[in-house]
1. With (1) in contact with a helix residue (DSSP H, G or I) (Cβ under 7 Å, 6 or more places away or on another chain); (2) under 25 Å from residue 58 (Cβ atoms) as the list, and residue 151 as the residue in question, which single condition is left unmet?
2. Evaluate segment 75-89: report whether one residue or more is in contact with a Gly (Cβ under 6 Å, 6 or more places away or on another chain), outside the structural domain of residue 182 (by TED's automatic domain parsing), in contact (Cβ under 8 Å) with a residue 60 or more places away in the chain and not small (Gly, Ala, Ser).
3. Do you know which of the residues in segment 194-210 that are without any contact (Cβ under 8 Å) to a residue 12 or more places away in the chain and outside any loop (DSSP other than H, G, I, E, B) is surrounded by the fewest Cβ atoms within 10 Å (Cβ to Cβ)?
4. Among the numbered criteria (1) among the hydrophobic types (A, V, I, L, M, F, W, C); (2) more than 27 Å from residue 135 (Cβ to Cβ); (3) surrounded by fewer than 18 Cβ atoms within 10 Å (Cβ to Cβ); (4) at pLDDT 95 or above, which one does residue 17 miss?
5. What's the number of the only condition in (1) closer than 19 Å to residue 190 by Cβ; (2) free of Cβ contacts under 8 Å to residues at least 12 places away in the same chain; (3) basic (Lys, Arg) that residue 108 fails to meet?
6. Would you mind finding the one in 48, 43 that is surrounded by 22 or more Cβ atoms within 10 Å (Cβ to Cβ), modelled with pLDDT of 95 or more, more than 22 Å from residue 142 (Cα to Cα) and in contact with a His (Cβ under 9 Å, 6 or more places away or on another chain)?
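The values are calculated or read from the model by the stated rules, or taken from the named source; none is laboratory data. Predicted model, so just to flag it, every value in this text is computed and none were measured. No Cβ is skipped: glycine too gets one built from the backbone with ideal geometry, and neighbour counts run over all protein chains shown.
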Amino acid sequence: MKLSKSQVWSFVHAERARLADDLATLPTRAWTTPSLCPGWDVHDVLAHLVDTARTSRIGFARRMFNARFDFDGDNALGIRRERRADPRDTVEALRAAVPLTLTPIAPRPTRLVEAIVHGEDIRRPLGIPATYQRTAVTAALAYQIKAAVAMGGGRERVEGVRLVATDGDFAAGAGDEVRASAIDLLMAVSGRGVDARAFDGPGTARLTQV
């Protein structure tokens, strides 16, 4: 299902607010917990979310030029810019960014991917359970299987497998079948480590090799 512009932003705004609420009372020691993003702790991911929420298309283009199109380097600079000394202040920065509709130069579904995948990058290591709007998850998943890994997607990861969501009517691809919840499929396609026990089917080993 393709979501409209207003539906995408409504979801993103709600997810920013929900994540801020989830992290508002996080103990100080928990902020250095490694996230599912290699090399980033959960505070880093939060700062990254603040950074992207505050980045316009023009601002992104300018930053890419200044960073000589080094995406990783620009992300690192963005984290340093938005990561406050007190993590609670970074939480409040995300809360202040809830209503913003700025976006880097990227297709609209990437806003869904960012909100969901980075939300899980933080929540899963901290043991914070969350459920997400099914249509948003499947829209994000549909985008990720078409976008190249080099662009943050997972097209190469799903070559030779057929993805089947066990909690909806999503199915895509051809090859050895992999069955799991849509959110677990999305995380695996996005290159995140997911417990293989969350999956079933002969294509599991191929998909879960991160």
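1. Of the numbered conditions (1) in contact with a helix residue (DSSP H, G or I) (Cβ under 7 Å, 6 or more places away or on another chain); (2) under 25 Å from residue 58 (Cβ atoms), the odd one out for residue 151 is (1).
2. no
3. Top of the filtered list is 197.
4. Just one mismatch for residue 17, condition (2).
5. (2)
6. Of the residues listed, the single one that is surrounded by 22 or more Cβ atoms within 10 Å (Cβ to Cβ), modelled with pLDDT of 95 or more, more than 22 Å from residue 142 (Cα to Cα) and in contact with a His (Cβ under 9 Å, 6 or more places away or on another chain) is 48.
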